[in-house]
Amino acid sequence: QDSFVETVFSIREFLKLKSQILTRITGVLVALIVILILFSRAQENNFKEAELLLSKSNLFLENGDVQNAKINLQELVDEYGSTEPGRAGGYKLAQIYMKDKLLDDAIPHLKLYSKKGKNSFLISSSNKSLSYIYSKKNELSNAIKYQRKAVNTSNSLNFKAENMIILAYLYLANKDSEKTKEIIKEIRDDFPKNPLISQKIDELLGQMMSK
């Protein structure tokens, strides 16, 4: 009888302990779910706030008010730079910096969009802009690197052809005639019936012969 009582008592203690552990686990899971819900709502609110700031900045740009556009774009980048509207705002801010000849200020925003952006056109455009900046800084290896990325991320055949022409000119400027010829051949193979591209290739070949 004593053995039976001990067994019942042990079972009760075991179930009590398991019940406490289960209660704690349930509490932790509920807390995690609440945190995830709150985080998701915060992310959603941040995205909406960022979209509003981006829309506001676009309105200023459309009305020619670059100064106020810059102020709003900078706020957008500072507060919501981890969101897609924030990164798009950084891209627009970079374009303003480029027009103002502030090339070094544009670089980090363009690199961020090139790496983490979601709009294929803006990704390619960011790479193309980076290539332009580095060519102006006479850093041809970096210019070629980002122009190659612009080619690979082009979202249409016309943009790809345009970016390949620029890449060929960069190789020519870098005194790499073999690479220039390779790109020209690739362009001809990919766009055999495009008269505008053919004209640009002829211009490029003319420059090659004059050097």
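Structure notes:
- Test: residue in the stretch 121-140 that is closer than 22 Å to residue 182 by Cα, open to solvent by 70 Å² or more (accessible area, probe 1.4 Å), free of Cβ contacts under 8 Å to residues at least 60 places away in the same chain and in contact with a helix residue (DSSP H, G or I) (Cβ under 6 Å, 6 or more places away or on another chain): no
- Any hit, the stretch 141-159, residues being basic (Lys, Arg) and more than 13 Å from the chain's Cα centre (by Cα): yes
- Residue match in the stretch 61-68 (condition: under 18 Å from the mean Cα position of the chain (by Cα) and among the aliphatic types (A, V, I, L, M)): no
- Of all residues in the stretch 196-211, those that are in contact (Cβ under 8 Å) with a residue 12 or more places away in the chain have Cβ atoms under 7 Å from Cβ atoms of residues that are part of a helix (DSSP H, G or I) and exposed (fewer than 14 other Cβ atoms within 10 Å of the Cβ), 6 or more apart or on another chain, in 201/188; 208/177.
The values are calculated or read from the model by the stated rules, or taken from the named source; none is laboratory data. Here the structure is a predicted model, which means the values were calculated and not measured. Methodologically, a virtual Cβ is constructed for each residue, glycine included, from the backbone with ideal geometry; neighbour enumeration extends over all protein chains shown. Ligands, DNA and RNA are stripped out before the accessible areas are found, and what is left, the full protein with its side chains, is counted by its heavy atoms. Shrake-Rupley method; radii C 1.70, N 1.55, O 1.52, S 1.80 Å.
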